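The block underneath contains the structure these notes are about, expressed in structure tokens.
The values are calculated or read from the model by the stated rules, or taken from the named source; none is laboratory data. Model, not experiment: these values are computed from the prediction. Ideal geometry is used to build each Cβ from the backbone, glycine not excepted, and the neighbour counts take in all protein chains shown.
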């Protein structure tokens, strides 16, 4: 009996070295999750033609996913926070396999949007447990690097998602693109089943409690930072094409998105190297550099060089931001880590919606320069939350 107990304890104990193979699998899971969400952006015209709808209606494929993720993150965590992490990840990936395959054969818009909502539920489940899974598989001294490595799939999807889906769509059609993603998800299920280590759910002494999580010093400040930063990013990213028009770069959105993606990769690389020893400084630098990028774009809106430089700086800060805030959350949330990560997922999706809505209002009722100015104001809110509630704790 003692031997069994010791073996179980050893199995659950943190490893001595970072399991890179497991981090690669988690990175691919993040890639599949985000690509499932954003792939319709590269297929809008094909979806519109295939389903005989407008491109605006095609855009609701993304909205339906975001709504599902928003609705599912907290309830799914409340129901599953004690379950083994591998089982939850496999559940989400199996969901993506079936849902993406179904999206490739359906012909009804209402049914397609309903299925996309449930895809978002799978996404909310995965995002809520993702950082906790990565940290449970890693040594305590390398948990920040583990989150950065596992989260590299997010950056990869942001850089390659829209162009990759557009290329596959042109080659195989939009149905073929969804079927390919479903097939890739299925292969990842098999790989994960045999090669991904398991990790326990929340242990004794851990709780799911929204109020308890919010009372933890630093959690509310981190949520505020996430909301303000992501909302600032969203209102610029969604409306990047009109933002580039005054400088004459409106026709080169594809090139500027590639530049943004390159900056994101560089930012994630630097974050992965430094995060475990310089979390606070990196977080502060991300906020300040993003603010400087917005200021540069607002003052030089009609000139190519400051706009391009601003986009690069913006991309650099965005690449590592998720890893920074997830790592900070694991540091401050204590026994409420799973609850806090689910709340972070909810705050992130709310910010995406709020940023898009605010950007649309500003674009309709003001000039284009209002977008980077509004982003600066949002980032000031995040900076204040960081300085007062988070910086002393990380």
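Exactly one residue among 291, 297, 343 is assigned to a helix (DSSP H, G or I) and under 22 Å from residue 210 (Cα atoms), and that residue is 343. Taken together, the criteria place residue 310 among residues that are modelled with pLDDT of 90 or more, crowded, with 19+ Cβ neighbours inside 10 Å, in contact with a helix residue (DSSP H, G or I) (Cβ under 7 Å, 6 or more places away or on another chain) and closer than 28 Å to residue 270 by Cβ. The sole residue among 110, 134, 128 that is without any contact (Cβ under 8 Å) to a residue 24 or more places away in the chain and either more than 14 Å from residue 32 (Cα to Cα) or crowded, with 24+ Cβ neighbours inside 10 Å (or both) is 110. Those residues that are in a helix (DSSP H, G or I) and farther than 21 Å from residue 155 by Cα, I need them from the stretch 318-340; list them, please. Scanning the stretch 318-340 gives 331, 332, 334, 335, 336, 337, 338, 339, 340.
Restricting attention to helices (runs of 4 or more DSSP H) lying wholly within the stretch 198-260, give those where 3 or more residues are under 30 Å from residue 385 (Cα atoms).
Hits in the stretch 198-260: 210-215, 219-237.
Of all the listed residues (382, 360), the sole one being touching a residue at least 24 places away in the same chain (Cβ under 8 Å) and either under 21 Å from residue 150 (Cα atoms) or crowded, with 18+ Cβ neighbours inside 10 Å (or both) is 382.
The single condition from (1) touching a helix residue (DSSP H, G or I) at 6+ places or on another chain (Cβ under 6 Å); (2) farther than 19 Å from residue 370 by Cβ; (3) surrounded by fewer than 20 Cβ atoms within 10 Å (Cβ to Cβ) that residue 250 fails is (2).
Yes/no matrix, rows are residues, columns are (1) touching a residue at least 60 places away in the same chain (Cβ under 8 Å); (2) in a helix (DSSP H, G or I):
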position	(1), (2)
46	yes, yes
49	no, yes
57	no, yes
66	yes, yes
78	yes, yes
82	yes, no
86	yes, yes
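Residues in the stretch 101-136 that are over 19 Å from the mean Cα position of the chain (by Cα) and in a helix (DSSP H, G or I): 101, 102, 103, 109, 110, 111, 112, 113, 114, 115, 136.
Would a scan of the stretch 9-18 turn up a residue that is modelled with pLDDT of 85 or more, more than 30 Å from residue 109 (Cβ to Cβ) and out of contact with any strand residue (DSSP E or B) (no Cβ under 9 Å at 6 or more places or on another chain)? Yes, there is a match, as at least one residue in the stretch 9-18 is modelled with pLDDT of 85 or more, more than 30 Å from residue 109 (Cβ to Cβ) and out of contact with any strand residue (DSSP E or B) (no Cβ under 9 Å at 6 or more places or on another chain). Just one of (1) over 18 Å from residue 120 (Cα atoms); (2) touching a residue at least 40 places away in the same chain (Cβ under 8 Å); (3) in a helix (DSSP H, G or I) fails for residue 354. It is (1). Screening residue 163 against (1) closer than 27 Å to residue 257 by Cα; (2) surrounded by 21 or more Cβ atoms within 10 Å (Cβ to Cβ); (3) modelled with pLDDT under 90 leaves a single unmet condition, (2).
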